[in-house]
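Working notes, beginning with the structure itself.
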Amino acid sequence: MNGVEHTRLTERTDDETDGITGIDGVGDTRRALGAFLRARRGRVTPENVGLPGGRRRRVHGLRREELAQLAGISVDYYVRLEQGRATQPSAEVLDALARALGLDTAERTHLATLAAARRGLAPRARVSPLLQRILDSMAGMPAFATNHRLDVVAWNGLGAELVGGLSTPGRRDPNNARYLFLDPASRVVHPEWRERAAEAVGQLRVAAGNYPDDAGLTALITELSAHSAEFREIWASGEIVMCAAGRKQLRHPVAGLLTLDFETLHVPAAPGETGLVVHVFSAEDGTPEATALARLASEVAHADSP
């Protein structure tokens, strides 16, 4: 993805599945941990760690016994980790596995989250009056806020209009993932649909690790898997892109095709709540995009006035 700061995590199953089925252990952190380890093991080539390779290998990447040897743990214990029969590995074991697999900082954090197996009620998301006032004050910049399930929970007028009509009841689904995968109109609004879809899957995967007891999140992932072959494909490939800043393309029926700068701002969570992510778009002064945004903002303001 051009011009986007991101972290990639790739999960891909190999020939050693142990008969595990389902969506990478969604709602079950033990199975999710095993899926992540199998996928990362599948990406490490033997040659990269000083082991003999060859075309006759049945397994993509490292074998279990090879990874266990590199990490300095028993093969039996590693197999139990992948199968979800060993829980809450020590920090030393996680560190050894991370080194053997060559995980970066973000991937180590994801591994630790899955291994912690945190339980508890799903957090709620609250939009404070101050946050809404902040969004409304940015009338010339499209902006909206999402929770960990990718529900759009707050927006300003320009942001609602630019991403498909959030403020009009029934015009589009307020959940970004459901909108992307189940509404064909999203492919018109988002010309870079594949990138946006990968981002959505990546965020849901991270959320599933953070909130394994969130029944609403599990239901959403199950629904998308049941009704979208593309969601199943992206989820199975495990391509995760967590975007923080960059440029995105959006198409509006009046403003046309716009290439906009964007930032994601994180709103800290209060106790018992989940933090929100605010997505803000803008255009450089003097550009055609800036002119188009200003014209659209004026139309939105006029439509919202009594």
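The values are calculated or read from the model by the stated rules, or taken from the named source; none is laboratory data. These figures come from a predicted structure and were not determined experimentally. Here the Cβ is made from the backbone with ideal geometry for all residues, glycine too, and neighbour counts use every protein chain on show. These accessible areas exclude ligands, DNA and RNA; they are computed on the full protein's heavy atoms, side chains included. Shrake-Rupley method; radii C 1.70, N 1.55, O 1.52, S 1.80 Å.
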In region 66-83, what residues are within 18 Å of Arg99 (Cα to Cα), open to solvent by 70 Å² or more (accessible area, probe 1.4 Å) and free of Cβ contacts under 8 Å to residues at least 12 places away in the same chain? Gln69
Taking the criterion of being over 20 Å from Ala145 (Cα atoms) and of a type in the set (S, T, N, Q), would at least one residue in region 261-283 satisfy it? no
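Any idea which residue in region 267-277 is nearest to Glu289 (Cα to Cα), counting only those that are out of contact with any strand residue (DSSP E or B) (no Cβ under 6 Å at 6 or more places or on another chain) and open to solvent by 30 Å² or more (accessible area, probe 1.4 Å)?
So in region 267-277, the residues out of contact with any strand residue (DSSP E or B) (no Cβ under 6 Å at 6 or more places or on another chain) come out as 268-272, 274.
Right, trim to open to solvent by 30 Å² or more (accessible area, probe 1.4 Å) and you get 268-272.
Details: Pro268: 31, Ala269: 34, Ala270: 37, Pro271: 40, Gly272: 40 Å.
Across region 267-277, the extreme among qualifying residues is Pro268.
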Of everything in region 157-179, what is free of Cβ contacts under 8 Å to residues at least 40 places away in the same chain, open to solvent by 10 Å² or more (accessible area, probe 1.4 Å) and under 21 Å from Ser228 (Cα atoms)? Give them in sequence order. Gly164, Gly170, Arg171, Arg172, Asp173, Pro174, Asn176
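Among the residues of region 84-98, write down those that are closer than 23 Å to Gly50 by Cβ and either open to solvent by less than 20 Å² (accessible area, probe 1.4 Å) or under 22 Å from the mean Cα position of the chain (by Cα) (or both).
Kept after step one, since they are closer than 23 Å to Gly50 by Cβ, are these residues of region 84-98: 92-98.
Hits for region 84-98 are Ala96, Leu97, Ala98.
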When you go through (1) over 22 Å from Gly202 (Cβ atoms); (2) crowded, with 18+ Cβ neighbours inside 10 Å; (3) of a type outside the set (Lys, Arg); (4) at pLDDT 90 or above one by one for Ser128, which number turns out not to apply? (2)
Kindly establish whether Ala245 is more than 21 Å from Pro142 (Cβ to Cβ), touching an Asp or Glu at 6+ places or on another chain (Cβ under 6 Å) and aliphatic (A, V, I, L, M). no
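When region 99-116 is examined, which residues are found to be open to solvent by less than 20 Å² (accessible area, probe 1.4 Å) and under 21 Å from the mean Cα position of the chain (by Cα)? It would help to see each step written out before you state the result.
From region 99-116, those open to solvent by less than 20 Å² (accessible area, probe 1.4 Å) are 100-101, 103, 107, 110-111, 114-115; that's our starting set.
The answer is Leu103, Glu107, His110, Leu111, Leu114, Ala115.
Being of a type in the set (A, V, I, L, M, F, W, C) and open to solvent by 10 Å² or more (accessible area, probe 1.4 Å) is the filter here; which residues of region 181-205 pass it?
Filtering region 181-205 for residues of a type in the set (A, V, I, L, M, F, W, C) gives 181-182, 185, 188-189, 193, 197-198, 200-201, 204.
Of everything in region 181-205, those that are of a type in the set (A, V, I, L, M, F, W, C) and open to solvent by 10 Å² or more (accessible area, probe 1.4 Å) turn out to be Phe181, Leu182, Ala185, Val188, Val189, Trp193, Ala198.
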Residue under question is Arg64, and the condition is that it be modelled with pLDDT of 75 or more and of a type in the set (D, E, K, R); does it hold? yes
Only one of Ala139, Ala215, Ala208 is within 17 Å of the chain's Cα centre (by Cα) and either surrounded by fewer than 19 Cβ atoms within 10 Å (Cβ to Cβ) or in contact (Cβ under 8 Å) with a residue 40 or more places away in the chain (or both); which? Ala208
Leading residue by the ranking (surrounded by the most Cβ atoms within 10 Å (Cβ to Cβ)) among those in region 218-263 that are β-branched (Val, Ile, Thr), part of a helix (DSSP H, G or I) and within 15 Å of the chain's Cα centre (by Cα): Ile221
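Take residues that are over 22 Å from His266 (Cα atoms) and tell me which of the helices (runs of 4 or more DSSP H) falling wholly in region 110-198 contain 2 or more.
Details: elements: 129-137, 157-162, 176-182, 186-189.
Where helices (runs of 4 or more DSSP H) fall fully within region 110-198 and carry at least 2 residues being over 22 Å from His266 (Cα atoms), they are 176-182, 186-189.
Confirm whether Asp151 is open to solvent by 30 Å² or more (accessible area, probe 1.4 Å) and in contact (Cβ under 8 Å) with a residue 24 or more places away in the chain. First the steps, then the outcome.
Numbers: open to solvent by 30 Å² or more (accessible area, probe 1.4 Å): yes; in contact (Cβ under 8 Å) with a residue 24 or more places away in the chain: yes.
It is true that Asp151 is open to solvent by 30 Å² or more (accessible area, probe 1.4 Å) and in contact (Cβ under 8 Å) with a residue 24 or more places away in the chain.
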Anything in region 267-292 that is more than 20 Å from Glu161 (Cβ to Cβ) and part of a loop (DSSP other than H, G, I, E, B)? List them, or say none. Pro268, Ala269, Ala270, Pro271, Gly272, Thr274, Gly275, Glu284, Asp285, Gly286
